[in-house]
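Q: Sharing a structure with you now.
The values are calculated or read from the model by the stated rules, or taken from the named source; none is laboratory data. Everything quoted here is computed from the prediction, not taken from an experiment. Using ideal geometry, Cβ is built from the backbone for each residue, glycine included, and neighbour counts are taken over all protein chains shown. Protein only, heavy atoms only, side chains kept; ligands, DNA and RNA dropped before computing areas. Shrake-Rupley method; radii C 1.70, N 1.55, O 1.52, S 1.80 Å.
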Amino acid sequence: MLRSDVSAGHARDGAEQRTTGSSSGAARGRANDGDDADDGLVRLVTTAGDRVEDPVHDPWVADVDDDALVALYEDMVVVRRFDVEATALQRQGQLGLWPPLIGQEAAQVGSARAMRSDDFVFSSYRENGVAYCRGADPTDLVRVWRGTALSGWDPWALHMATPQIVVASQAVHATGYALGCRLDGSDAAAVTYFGDGATSKGDVHEAMVFAASAAAPVVFFCQNNQFAISEPVDLVARRPLADRAPGYGIPSVRVDGNDVLAVLAVTRAALDRARRGEGPTFVEAVTYRQGPHTTSDDPTRYVDTATHARWAERDPILRVERLLGARGALSEERTHDVKEKAEEFAHRMREGCLGLEAPPPLSLFDHVLVEPTATLRRQRDEHAAYLAMYDDEAVR
């Protein structure tokens, strides 16, 4: 079965993950099957569902038997189902906004399942698949988007910080936390998630400078989903995004972000480097955002339909289905069980969402500071006086 604590010993055995500063040097499974280009990505499962041998990365997933692969498949199916449900809730007026992740399930599930429970995640707003793998309750995933809470979950319970809406700021937070782990003598690591657009923000680069200088045990996990809202990645990156990290002294690797097995392998290797005190790693997971940036976006205005169709064929869930089907490892009964679990989770999300109640307006001031200051008390009194102008008890 799948383990989240694969140690350095058996996984390395003299075969370190080769990281690179250019796309040409990345270790990868070479799959010239007509569907996957020889694109320099680490790939262990092709689009057609064929398992590719890779002596560098295979040892990192040697424990992933058919049952473990089915478990990864189940994760992705559940994540996609609740993602669709949340989008429907927003369309029905029950959520203010939702950032769909459809198409990026392998990048999120594969990396999340590589972590230990004591590792800490610093994410953007789209990593709800990671939150699911960390143990988030269905209702926790929608609290913020319904506007009833400032954080959907207790960060210490999941070891996952409140998702950042401010693009790229989580990279700095992760680096600081990782340095704290090192100074405390812990071998826990931090993983920060961001998109291709965030690599144009100063916070990511400042975080990498600091992480490299301090040998902070942090993994910079970039989900290159091809678009920064509506701007294609090749508009701002003339070379692969992974090429940027070596300039700061950080090794990088490009992985097929639609291959859950390959993502699991490279993330385990990156975490192993961090635990051994070798500092940060930059992972570029090349994937594709099949839906809108958020539910306020209309991707039909900027997405080429032919490109979308090609990426749809590389769907991460379909890829694993093909592999499991070829192995005879996905029975009708197991498929039914997976779908039932996905439906049950989506149902609980809907019920939980509809059951959320708006907090009292004055609770906005409750947790601003440990001890309220005179200024905070004055602001609260002024807001209370304003609310008192209304006859509606619900407003007050």
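Q: Report the calculated FRET efficiency for ALA71 and HIS367 (r = Cβ-Cβ distance, R0 = 45 Å), to the nearest 0.05.
A: Taking R0 as 45 Å, the efficiency between ALA71 and HIS367 is 0.75.
Q: Further question: According to the square roots a ≥ b ≥ c of the eigenvalues of the Cα gyration tensor, what is the shape class of the range 89-134, taking rounded for a/c under 1.5, prolate for a/b larger than b/c otherwise, and oblate for the remainder?
A: Judged from the Cα gyration tensor, the range 89-134 comes out prolate (a/c at least 1.5, a/b above b/c).
Q: Rounded to the nearest 20 Debye, what is the dipole magnitude of the range 43-187 about its Cα centre when Lys and Arg each give +1 and Asp and Glu each give -1 at the C-beta?
A: That gives a dipole near 840 debye.
Q: OK, next. With each pseudo-label sitting 7 Å past Cα toward Cβ, what's the GLU231-ASP39 distance in nm, one decimal?
A: Taking the simple label geometry, GLU231 and ASP39 are separated by 2.2 nm.
Q: Long-range amide H contacts for MET160: which residues qualify at under 5 Å (H placed 1.01 Å from N, peptide plane, sequence gap of 5 or more or a different chain)?
A: VAL121
Q: Rounded to the nearest 0.05, what FRET efficiency do ALA358 and VAL166 have when you use their Cβ-Cβ distance and R0 = 22 Å?
A: Working from the Cβ atoms, E equals 0.35.
Q: For q = 0.14 Å⁻¹, what log10 I(q)/I(0) does the chain give under the Debye formula with an equal point scatterer on each alpha carbon and no solvent?
A: Listed by q, the Debye log ratios stand at -1.25.
Q: In nm, give the distance between the simple-model label positions of SER186 and ASP391, each being 7 Å from the Cα along the Cα-to-Cβ direction.
A: 5.5 nm
Q: Continuing with the same structure: Cα gyration tensor of the range 119-209, axes a ≥ b ≥ c as square roots of the eigenvalues: rounded (a/c below 1.5), prolate (a/b > b/c) or oblate?
A: Oblate, because a/c is 1.5 or more while a/b does not exceed b/c.
Q: Now for a separate question. Looking at the chain, what % of its DSSP beta bridges pair antiparallel, to the nearest 5?
A: Percentage antiparallel, nearest 5: 15.
Q: When a/c is below 1.5 the answer is rounded, else prolate if a/b is larger than b/c, else oblate, so apply that to the range 251-396 with a ≥ b ≥ c taken from the square roots of the Cα gyration tensor eigenvalues.
A: prolate
Q: Which of the peptides 58-66, 336-344, 83-91 is most tightly packed, and how do the rest follow, judged by the mean count of other Cβ atoms within 10 Å per residue?
A: So the order, starting with the most tightly packed, is 83-91, 58-66, 336-344.
Q: Quick one: plug the Kirkwood hydrodynamic radius of the range 288-348 (C-alpha pairs) into Stokes-Einstein at 25 °C, 0.890 mPa s, and report D in µm²/s.
A: In µm²/s, the coefficient is 173.
Q: Describe numerically, in nm with one decimal, the distance between label points set 7 Å from Cα along Cα→Cβ at SER151 and at ARG334.
A: With each label placed 7 Å out from Cα toward Cβ, I get 3.8 nm.
Q: Still on this structure, I have one more. Could you identify which residue out of LEU97, LEU354, LEU69 has the top mean-square fluctuation in a GNM of the chain using Cα springs shorter than 10 Å?
A: In the Gaussian network model the winner is LEU354.
Q: Taking θ = phi - 60°, what integer Hz values does the Karplus form 6.51 cos²θ - 1.76 cosθ + 1.60 yield along the range 211-225, in sequence order, with x for Gly and Pro?
A: 5, 5, 5, 9, 6, 5, x, 10, 10, 8, 9, 9, 8, 7, 9
Q: So, one more: Could you state the accessible area per residue of the range 138-209 in Å², with a 1.4 Å probe and every protein chain left in place?
A: Accessible surface, normalised per residue, equals 40 Å².
Q: Can you compute the label reach from ALA312? Point 7 Å from Cα along the Cβ direction, backbone N cut-off under 14 Å, restricted to the range 77-120.
A: Answer for this model: 103.
Q: Looking at the range 212-362, what % of its DSSP beta bridges pair antiparallel, to the nearest 5?
A: Beta bridges within the range 212-362, antiparallel portion: roughly 15 percent.
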